[in-house]
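What follows is a set of notes on a single structure, which appears directly below.
The values are calculated or read from the model by the stated rules, or taken from the named source; none is laboratory data. Computed from a predicted model, the values in this text were never measured in an experiment. Positions of Cβ are generated from backbone atoms using ideal geometry, with glycine treated the same way; all protein chains shown enter the neighbour counts.
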Amino acid sequence: MRTIMSRKRECWCIMGANLGNLLTVIKNTDHSKTVVNADGSVSYTDLDGNTILYNSNGYPDFSPYKMTQADDVAGMTGVYSHDAALANAKVGLKSTPEGYVWHHVEDGKTMQFIPQDIHQHFPHTGGASGLRNGILQ
């Protein structure tokens, strides 16, 4: 079965994803439910029926699944353990509860607290890599 992706999504796959991420997308995605929108955004649905919209730049919108969000998190570096500690402190958690992760939003300032399985089923590049590579500050 052929996966339909916009040209920008193909660029994301080449530039932002490693082979493991691509295999995760292929294995965990119900490709019959992939929707390419006129604005260049693409919706993917995993085998559990969860759908994530990737904008025209290839960034996922996990907001439908977020439990909470930490805005304007100062001092993020793109290193998960460091940034998760900052986000936990911002929302009053001592640590990240099991089964959840902090997602780096592409603005480099926002962290979304989402279920770990959702985050794992929808590979992406974005805020963390932008911070690590000096693209975001």
Next item on the list: Check whether at least one residue in region 82-99 is outside any helix (DSSP H, G or I), at pLDDT 95 or above and acidic (D, E), and report yes or no.
Entry: yes
Item checked: Selected residue (criterion: surrounded by the most Cβ atoms within 10 Å (Cβ to Cβ)) from residues of region 75-113 that are touching a Phe, Trp or Tyr at 6+ places or on another chain (Cβ under 7 Å) and of a type in the set (F, W, Y) -> W102
Next item on the list: Among residues belonging to region 38-48 that are touching a residue at least 12 places away in the same chain (Cβ under 8 Å) and over 15 Å from P123 (Cβ atoms), point out the one that is surrounded by the most Cβ atoms within 10 Å (Cβ to Cβ).
Entry: S41
Note to self: Looking only at region 44-53, count every residue that is outside any loop (DSSP other than H, G, I, E, B) and either β-branched (V, I, T) or modelled with pLDDT of 95 or more (or both) and tell me the total.
What the structure shows: 4
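Mind counting the residues in region 101-130 that are closer than 16 Å to K90 by Cβ and in a helix (DSSP H, G or I)? Quick ask: steps written out before the conclusion?
First, pick out the residues of region 101-130 that are closer than 16 Å to K90 by Cβ: 101-105, 107-114, 127.
Okay, now just the ones that are also in a helix (DSSP H, G or I), so 127.
Result for region 101-130: 1.
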Note to self: With the requirement that a residue be touching a helix residue (DSSP H, G or I) at 6+ places or on another chain (Cβ under 8 Å) and without any contact (Cβ under 8 Å) to a residue 60 or more places away in the chain, what does region 109-130 give you?
What the structure shows: T110, M111, Q112, F113, I114, P115, A128
Check: Could you count how many residues in region 54-81 are within 14 Å of T110 (Cβ to Cβ) and either part of a strand (DSSP E or B) or at pLDDT below 95 (or both)?
Finding: 7
